[in-house]
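None of the figures in this text is laboratory data; all of them are computed from the coordinates on show. Predicted model only: the values in this text are computed from it and were never measured. When we count neighbours, we look across all protein chains shown, and the Cβ atoms used for this are built from the backbone with ideal geometry, even at glycine.
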Amino acid sequence: MISWMQKHRKYLVITIWISTIAFVGAGFVGWGTYQYGSKSNSVAKVGDVAISVEEFQQAYGNIFQQYNRAMGGRLDEATAKKMGLQKQVLQSLIYQALIENFAKEHGIVVSDEEVQKAILSIPAFQKEGRFDKATYLAVLQSMRMKPKAFEANLKKELLLKKTLALLSPDAVPLEVEAVGSAIFMADKLRYKVFTPADVNVTATDAELKKYWEAHKNDYMTPRRYKVAIAWVAPAAEQPGEEEIAAYYKAHRTDFTDNNGEILPLEKVRNKVAEAVRLKHAKKSAQLAYIDLKKARRQPDETVTLDAGDATLTPELWKAVEGALPGTVLKPKVVNGRYAIVKVLEAIMPKPETFAQARDAVKADYLATKRREALKELARKASADLHDGETTGFVTRDSVEALPPLGKEEAAAFLEKLFSSDKKNGAVLLDNKAVSYTILEQQLLDSDKLSQYEGLVRENVKKIKANLLQGNLIARLQQRYKIEIYLKDAE
């Protein structure tokens, strides 16, 4: 029950609030592929509020990077445009500008003291739990933002929050009781669970190719890098016992167990000897780095690797992915020898051919077809369900009362069950389908309502605020003139 209610706590009209604080760590990306019309310093104007090119670029860069991380670094500008990211960001900024106009018209303001208090409370600007000015300036510098610009953005965000907070209505007892009655409704069920073993699906090449044609962008080649590598291996000669002992004494904290305890020399002698040999080879590796950088040495191999390939270490991959073509990276230890890597080319992901993607396409297509078959089987069974399991009265939190469903499956089923107004139905889960018929219902459980009244009240307030804000946005769109100069987002 609590998990279900927590999931539905937030009701927002504006689907992509561009948080000033979210810029921390996101960096800045200059997007120069848009046409800005005659007013090149703005992408749009709403009432008296202009949305600047810089504001749009920052917001778009932030959202782009969030999606890119979620897609494993495979998002490119063309795909982002197909997804309509720039339109989403611009719409969000327009919504914010509408609220800003409303705030100005009604004299709602944010003081400098409120901005200062907000900055002091941001964890990213704190050191040992307290605001630190040097940290604040360093973070802003990494974001390529000046304090004045950051504080202006923060002031605008605080203004939006304050304005919407003033429009947050309270919940009256009748509303709490009505929503609580729906949340704590109890049903007695008959249900039957179907699994993939209950259906048989096949696929022809023609079906697979048709599916691939419709989902090409889901089957991309990995990001690849063409690199040249010069290897420097340590000498085969083993160091003497005296040198091993001296190295261990100076670096014994490097040789610990899983609990952080320093291991005795007898147990790590081979590792210490390897470390000494690598130490001797470091100068040769540095010379090889200089020679490769000045083209006085040829690499030992030139290879094209998928990002993250085990040929290089994660530390080296981090450096490779952040380097420009032509960069020679400093020597790093890889599997007992030094690697000096020159980045030649970053190869961006592209759609795989049907032959390359066939196995993955087949697995996805069969999974889709199997889900459709399961849903249809469950739908037909639900029309006249006489067999199956019969429950006592279950509520949204009765996640242990529906075997053979696991807790997560039962929670998903119950959420969909209590969101439906049908007596019979079928619910599709990840790899199962459930037919059900409601045999009997009980309404309000007063004990549960009393127990969770505060949480129910908060949800009622969120729902009312959502409706009020939605109506407000609709009215403000009629009240304030909206001009869009960003042609690609019109």
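Miscellaneous remarks
- Assigned charges on the beta-carbon of Lys, Arg, Asp, Glu; the range 224-347 dipole about Cα centre (debye): 540
- Nearest 10 degrees, 0 to 90: helix 85-105 Cα axis against the chain principal axis: 60
- Crossing angle, helix 112-121 versus the chain [Cα axis fit, 0-90 degrees, rounded to tens]: 60
- Local electrostatic count, Tyr219, Cβ distance below 9 Å [Lys/Arg +1, Asp/Glu -1]: -2
- Between Ser420 and Lys318, the modelled labels are 4.9 nm apart [label points 7 Å from Cα along Cα→Cβ].
- Per principal axis, descending, Cα span of the range 345-428 in whole Å: 63, 28, 24
- Using the Cβ-Cβ distance between Asn68 and Lys293 with R0 = 35 Å, the FRET efficiency computed as 1/(1 + (r/R0)^6) comes to roughly 0.70.
- In the structure shown, the pairs Lys82/Lys462; Lys104/Lys155; Lys422/Lys461 are assessed against 24 Å; a Cα-Cα span above that value is assigned to Lys82/Lys462; Lys422/Lys461.
- Each of Gln442 and Lys271 was given a label point 7 Å from its Cα along the Cα-to-Cβ line. The distance between the two points is 6.0 nm.
- Burial order of peptide ranges 55-66, 382-393, 227-238 (average beta-carbon count within 10 Å, highest first): 55-66, 227-238, 382-393
- About its Cα centre, the chain has a charge dipole of approximately 1480 debye under the convention of +1 per Lys or Arg Cβ and -1 per Asp or Glu Cβ, with nothing else charged.
- Put a dot 7 Å past the Cα of Asp306, heading toward its Cβ, do the same for Glu389, and the two dots end up 3.9 nm apart.
- Helix 205-214 axis versus longest C-alpha principal axis of the chain: approximately 90°, rounded to the nearest ten.
- A viscosity of 1.567 mPa s and a temperature of 4 °C, combined with the Kirkwood radius over Cα pairs in Stokes-Einstein, give a translational diffusion coefficient for the chain of 45 µm²/s.
- Each semi-axis of the equivalent ellipsoid for the range 198-314 is √(5λ) with λ an eigenvalue of the Cα gyration tensor; in descending order they amount to 47, 26, 11 Å.
- Net charge contributed by nearby residues that have their C-beta within less than 14 Å of Lys133 (K/R +1, D/E -1): -1
- Efficiency of FRET between Phe131 and Lys283 - r from beta-carbon atoms, R0 41 angstrom, step 0.05: 0.35
- If R0 is taken as 22 Å, the Cβ-Cβ distance between Ala149 and Gln91 corresponds to a FRET efficiency of 0.45.
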